[in-house]
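What follows is a short report on a single structure.
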Amino acid sequence: MPRYYTLSFNNVSVSAAQDLFALKCTASIGITLHQFEINSESSSAPAELRVIIKRFGATVTLGSGGSTNQTPNPLMSTDTACSITTAGLNNTARATTNGTNVTLFSWGWNVLNGLLFVPAPEWRPSFAVSEGCIIGLETAPGSATTMDAYIVFSENT
């Protein structure tokens, strides 16, 4: 049975395009993305922002400007620590790759509504060893917007 992990951020003022979540798989373990959610706490006017999920090929370098080297939390208290050792949140300097950069999903998100991504099991994106999973906010909000978000993923063992 796979082990499930989560990363989240709360009450973060977002004013620039950024990698909301950036996960770099190790050289021995990949991951599967199961769901994520983004909410705006401070918006009272509609605004359409572009959100994408990207797969980065090998030689992934995470960005900076946010919270880097975050530790994913196991959903079950008895699970072992996550093998993904490199995770970043809210990086305004974006991740890069020398490999292939593939957009898997892309949509417009109206900040007055939450964005919940829970694909059918057969549509859940997997990321192989040494690849990167990037959930990016591709357009900057018109004004600083306070956001909360989380992701749930599992290791591919």
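The values are calculated or read from the model by the stated rules, or taken from the named source; none is laboratory data. Source: prediction; values computed, not measured. As a convention, Cβ positions derive from the backbone with ideal geometry for all residues, glycine included, and neighbour counts pool all protein chains shown.
Key figures for this structure:
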quantity: Residue list for segment 16-46, restricted to those being surrounded by fewer than 18 Cβ atoms within 10 Å (Cβ to Cβ) and within 15 Å of Gly136 (Cβ to Cβ); calculated: Ala16, Ala17
quantity: Which numbered condition Ser130 misses (of (1) over 18 Å from Thr71 (Cα atoms); (2) touching a strand residue (DSSP E or B) at 6+ places or on another chain (Cβ under 8 Å); (3) not in a strand (DSSP E or B)); calculated: (1)
quantity: Unmet criterion (only one of (1) loosely packed, with under 15 Cβ neighbours inside 10 Å; (2) of a type in the set (Val, Ile, Thr); (3) at pLDDT 95 or above) for Thr78; calculated: (3)
quantity: Single match in Gly88, Gly142, Gly108 (criterion: among the small types (Gly, Ala, Ser), within 30 Å of Ala47 (Cβ to Cβ) and part of a loop (DSSP other than H, G, I, E, B)); calculated: Gly142
quantity: Selection within segment 116-125 - farther than 22 Å from Gly63 by Cβ and under 13 Å from the mean Cα position of the chain (by Cα); calculated: Leu116
quantity: Some residue of segment 48-61 being over 14 Å from Ile134 (Cα atoms), small (Gly, Ala, Ser) and either out of contact with any Cys (no Cβ under 6 Å at 6 or more places or on another chain) or not in a strand (DSSP E or B) (or both); calculated: no
quantity: Test: residue in segment 69-76 that is out of contact with any Gly (no Cβ under 9 Å at 6 or more places or on another chain), among the polar types (S, T, N, Q), outside any strand (DSSP E or B) and within 24 Å of Thr145 (Cα to Cα); calculated: no
quantity: Scan of segment 132-152 for residues that are under 10 Å from the mean Cα position of the chain (by Cα) and surrounded by fewer than 18 Cβ atoms within 10 Å (Cβ to Cβ), ordered by number; calculated: Tyr150
quantity: Every residue from segment 91-105 that is among the polar types (S, T, N, Q) and either in a strand (DSSP E or B) or modelled with pLDDT of 90 or more (or both); calculated: Asn91, Thr92, Thr96, Thr97, Asn98, Asn101, Thr103
quantity: Segment 61-80 residues that are over 15 Å from Phe21 (Cβ atoms), paired with ones that are assigned to a strand (DSSP E or B) (beta carbon under 7 Å, 6 or more apart); calculated: Thr61/Thr96; Pro74/Tyr5; Leu75/Tyr4; Leu75/Tyr5; Leu75/Thr6
quantity: Residue in segment 114-127 that is farthest from Thr103 (Cα to Cα), counting only those that are at pLDDT 95 or above and surrounded by 13 or more Cβ atoms within 10 Å (Cβ to Cβ); calculated: Leu115
quantity: Neighbours by Cβ (under 7 Å, 6+ apart or cross-chain): first from segment 137-153, under 30 Å from Arg3 (Cβ atoms); second among the small types (Gly, Ala, Ser) and surrounded by 15 or more Cβ atoms within 10 Å (Cβ to Cβ); calculated: Leu137/Ala17; Met147/Ser40; Ala149/Ser8; Tyr150/Ser8
